[in-house]
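Readers should treat all values here as calculations from the given coordinates under stated rules, not as data from a laboratory. The structure displayed is predicted, hence computed values, not measured ones. Reconstructed Cβ throughout: ideal geometry from the backbone, glycine too, with neighbour counts over all protein chains shown.
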Amino acid sequence: MAKLLIVDDEVKIREVLREYALFDGYEADEAADGMEAVLKAKDNKYDLIIMDVMMPRLDGYSAVKEIRKSLDTPVLMLSARVEEYDKLFGFEIGVDDYVTKPFSPKEVMARVSAILKRGRQKSRTIKSDGLEIDVAGRNVFVDGAKAEMTPKEYELLFYLAENAGIAVSREKLLTDVWGY
């Protein structure tokens, strides 16, 4: 049974999501702000974190950054912020999915299920001369230290690693990685 951490400063949202999570067969824990979420994430093993963006003490983005320093737990971000740059920033810091408020609890649980299914897929690692690429987790390590990369940088590195030893033209890169 997967264990979720539901983080939101609104009690009603936490209650509704917890109820739906329990109904879908998940265990659910709650946190009222980002600071509490960081502490709970370090002390417990969660399979997924549902995180609100705008909260007191520590906002969701900062909480995710802090959690990402030591854990790779998948994160589903909830936010009333609907601007594209807010979503893109979330993805840049490592959020797995982003749902805007108001939302359907059924949709949130469907997204939780999809993220967890992806996580159960066999993890594949590419290693070469101090470089380690965790394909499923989308993490890159250089001499054991985690490298911070944008999604596009990761896609380019993964593409080149998958095609190691093959001369790849500029046009092929533009087509396969950038989609031009």
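Points worth noting:
- A straight line joining the Cα centroids of region 86-116 and region 146-180 runs 26 Å.
- Close amide H contacts of L58 (hydrogens built in the peptide plane, cut-off under 5 Å, sequence separation of 5 or more or a different chain): G34, M35.
- Ranked by the mean number of other Cβ atoms within 10 Å of their residues, highest first, the peptides 162-171, 31-40 come out as 31-40, 162-171.
- In this Cβ point-charge picture (+1 for Lys and Arg, -1 for Asp and Glu), the chain has a dipole of about 460 debye about its Cα centre.
- Adding -39500 (n - 2.57) for every DSSP H run of four residues or longer, then dividing by how many residues the chain holds, sets the calculated 222 nm ellipticity at -12000 deg cm²/dmol.
- Percentage of interatomic Cα-Cα distances in region 50-180 larger than 23 Å: 43 percent
- Computed from the Cα positions only, the extents of region 1-108 along the three principal axes stand at 34, 30, 23 Å, in decreasing order.
- Along its principal axes, region 61-107 has C-alpha extents of 31, 24, 13 angstrom, given from the largest down.
- The gain in end-to-end length when the Y154 to A110 segment is fully stretched comes to 13.2 nm, 0.36 nm per residue minus the alpha carbon separation.
- Converting phi to 3J(HN,Hα) with the Karplus coefficients 6.51, -1.76 and 1.60 and the offset θ = phi - 60°, region 75-83 yields 10, 9, 8, 10, 7, 7, 6, 10, 5 Hz in sequence order, with x at every glycine or proline.
- Near the amide H of A28, within less than 5 Å, lie the amide hydrogens of L4, all on another chain or at least 5 residues away, with H placed in the peptide plane.
- For region 59-180, the number of Lys pairs with C-alpha atoms closer than 16 Å, counting only pairs eight or more positions apart or on separate chains, is 7.
- Label-to-label distance for R124 and D143 is 2.9 nm, based on points extended 7 Å past Cα in the beta-carbon direction.
- Scanning the chain for DSSP H helices at least 15 Å long along the axis (C-alpha atoms) with a Kyte-Doolittle mean no lower than -0.5 picks out 11-23, 105-120, 151-162.
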